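The values are calculated or read from the model by the stated rules, or taken from the named source; none is laboratory data. Since the structure is predicted, the reported quantities are computational estimates derived from the model, not experimental observations. We place every Cβ from the backbone using ideal geometry, glycine too, and count neighbours over all the protein chains shown. Accessible surface areas use protein heavy atoms only, side chains included; no ligands, DNA or RNA. Shrake-Rupley method; radii C 1.70, N 1.55, O 1.52, S 1.80 Å.
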Amino acid sequence: MKKLKSIIRYECMTSFKYIWIFYAIQYAAVSLITLIIGISTGSFEEVGTNSLEVNTLVYVGILGVLGFKEDFKMLIQNGFTRKYIYTATFSMFCFISGSMALVDTAAGNIIHHFNHGYSSLYGGIYGYENIVMNWLWLFLVYVMVCSLLYIGILVINKAGKAISIYLGVAVGGIVLLIIALFRYVFSAGTVSNILEFSAKAMGFMTDGTINHLFPVLTLLLAIVILGSGSYAVIRRTELR
C-alpha cells in the first residue's frame, strides 16, 4: 500500500506543477489579445473568446498520452506492477481533471458574470444555474478525454505502428459506414429515435427541460468502458 501511495503522489505532484504554467500562458495570451484588439478598435466590450475550457481539453488530452509514454518504462523498471501503474495513472487523471475543472468552473462563471458576452463550455450548453453540476460535468469530460487518449496510446504501443494504422483506417471506415446507414438505410423514424435517445443521454428532454443527471451517467459509463479497456490492454503491455 505504501508503494501505491508513493506512486500516486508522484504522478499527481509531477503533473500538478505544470497546471499553473498552462493557466498563466492561457490567460496571459487572452489578456494580450484582448488588449491589442481593444486598443485597435477603441472598444473592449465585444473583445474576447468563448469556451476557454477547450484549451484544457487539449491539455488533458496530451496528459492522457504522456500518462503512458513518460512514466511506464521508468515505473515498470522500478518494480511497480501494471495494476499499480494503472491505478496511479487513473488517480492522476482524476486529480488533475478535478483541479482544472474547479479552476475552469470558477473562471467561466466569473468571466460570464462581468462579461455576459462570454460563454463557457458548460454554460453555453446547460446554462449557469448549477455551479456544482458545472464542475462535475467538466471533471467527467476531462477524465473521459484523458481515458480516451490513454487507451489510444496503449493500443498503439501494444499493436505497433503498422497494425495501428490499419486499426485507424478501420475506425474511419466504421464512421463512414455509420454515416451511410443514417443517410441511406435507416428510416426517418429510426433516425429520429436515435437522435432523441442521444439528446436524452446528454440531458435534453423532449419537453424542453434539462436533466443534469443523465449526462453525468453517460460520461461515467464512457469512463468505465474506456478505463476497463485501458486496464485490459496495460495488463498485457510489454516493456519496449
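General remarks:
- The listed residues Y59, Y84, once ranked by accessible area (1.4 Å probe) with the largest placed first, stand as Y84, Y59.
- At least 30 Å along the helix axis (C-alpha) and Kyte average at least -0.5, DSSP helices within the chain: 19-41, 82-114, 131-159, 213-234
- With the simple spin-label model, which puts each label point 7 Å out from Cα in the Cβ direction, the I25 to L217 separation comes to 4.0 nm.
- For region 168-237, averaging the sequence separation of C-alpha pairs within contact (under 8 Å, six or more residues apart) and dividing by the residue count gives a relative contact order of 15 percent.
- Accessible heavy-atom area order of I163, I153, highest first, probe of 1.4 Å: I163, I153
- For W135, the solvent-accessible surface with a 1.4 Å probe is about 80 Å², rounded to the nearest 10.
- Debye-sum result for region 1-235 in log10 I(q)/I(0), which assumes one identical scatterer on each alpha carbon, at q = 0.08, 0.10, 0.15 Å⁻¹: -0.40, -0.62, -1.16
- 18 Å Cα-Cα threshold exceeded, pairs from K3/K83; K3/K158; K5/K158; K17/K158: K3/K158; K5/K158; K17/K158
- Cα centre as origin, Lys/Arg/Asp/Glu Cβ charges: the chain dipole, Debye: 1480
- Sum of side-chain charges, G227 neighbourhood, beta-carbon under 15 Å (Lys, Arg +1; Asp, Glu -1): +3
- Over region 1-235, relative contact order from alpha-carbon pairs under 8 Å, at least 6 apart, %: 24
- Here the Gaussian network model covers the chain, with springs between Cα atoms less than 10 Å apart; of L136, L66, L181, L181 fluctuates the most.
- FRET efficiency for the pair A162 and E196, taken as 1/(1 + (r/R0)^6) with r the Cβ-Cβ distance and R0 = 35 Å, rounds to 0.25.
- Ranked by solvent-accessible area (1.4 Å probe, protein heavy atoms only, all chains present), the residues L35, L4 order from largest to smallest as L35, L4.
- S119 contributes about 40 Å² of solvent-accessible surface, heavy atoms of the protein only, 1.4 Å probe.
- Cα centroid separation - region 193-209 against region 158-186, whole Å: 26
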